[in-house]
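Novice: Next up is a structure, given as structure tokens.
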Amino acid sequence: MIEDILSHNRKFVEEKGYDKFITNKYPDKKIAVLSCMDTRLTALLPEALGIKNGDAKMIKNAGGAIAHPFGSVVRSLIVAIYDLGVEEIMVIGHTDCGTQHMDSAKLIGKMKERGVSEETLNLIDYCGIDFESWLSGFECVEDSVKASLKTLKEHPLIPDSISIRGFVIDSTTGELTETE
Ligand SMILES: [Zn+2]
């Protein structure tokens, strides 16, 4: 599949498919969006929000959640705010998210099936990695979004002037519902 992508890419560049996407690194709408890596949102989310190339900083991970106040998501937001002019943040969960009800025990079972040894798992446990919290999903998408909002609003490095709002997007219709 990557080979297909590479051959498409050569054609894209040759035919100057990039012309209509030319912009700069500063987000025109001064907005950052944190959402899920879900495949249904790849094109639906920007289209449903009216976001085009150059408009926003898009940050994605499994669940669109903030796992750690000093992890990679917050790091990205800090750069977006202080260096790139972002003034508003949207945290967007979505319906039928794969991270919902994610079970760390099941994931560990799948790791074992693919050859990860008990010894390796014990070693990681010994190093202080808490699989339960690292690999567990959330029960309710609204609660997950609210938890992320709380982390951001209380974060010592995020200025009070930044507007932070939470939403759930319908994975089929693209409709946004504000969480609070
Ligand atoms: Zn998801």
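The values are calculated or read from the model by the stated rules, or taken from the named source; none is laboratory data. Since we're looking at a predicted model, the values are computed, not measured. Cβ: placed from backbone, ideal geometry, glycine included. Neighbour counts: every protein chain shown. To get the accessible areas, we keep the full protein, side chains included, count just its heavy atoms, and leave off ligands, DNA and RNA. Shrake-Rupley method; radii C 1.70, N 1.55, O 1.52, S 1.80 Å.
Novice: List pairs: first in the stretch 85-111 and under 30 Å from residue 25 (Cα atoms), second charged (D, E, K, R), Cβ under 7 Å, 6+ apart or cross-chain?
Specialist: 85/30; 86/30; 86/57; 87/30; 88/30; 90/165; 94/38; 97/38
Novice: Related question: Would you check which residues across the stretch 24-34 are modelled with pLDDT under 95 and over 9 Å from residue 55 (Cα atoms) and list them?
Specialist: Passing the criteria: 24, 25.
Novice: Going through the stretch 55-99 one residue at a time, which ones are touching an Asp or Glu at 6+ places or on another chain (Cβ under 7 Å) and more than 14 Å from the ligand (Cβ to nearest atom)?
Specialist: 55
Novice: Which residue, of 161, 136, is open to solvent by 20 Å² or more (accessible area, probe 1.4 Å) and farther than 18 Å from residue 31 by Cα?
Specialist: None of the others qualify; the one that does is 136.
Novice: Kindly check whether there is at least one residue in the stretch 30-45 that is hydroxyl-bearing (Ser, Thr, Tyr) and away from the ligand (no atom under 16 Å from the Cβ).
Specialist: The answer is no; no qualifying residue exists.
Novice: In this structure, does residue 98 turn out to be touching a helix residue (DSSP H, G or I) at 6+ places or on another chain (Cβ under 9 Å), of a type outside the set (A, V, I, L, M) and modelled with pLDDT under 95?
Specialist: yes
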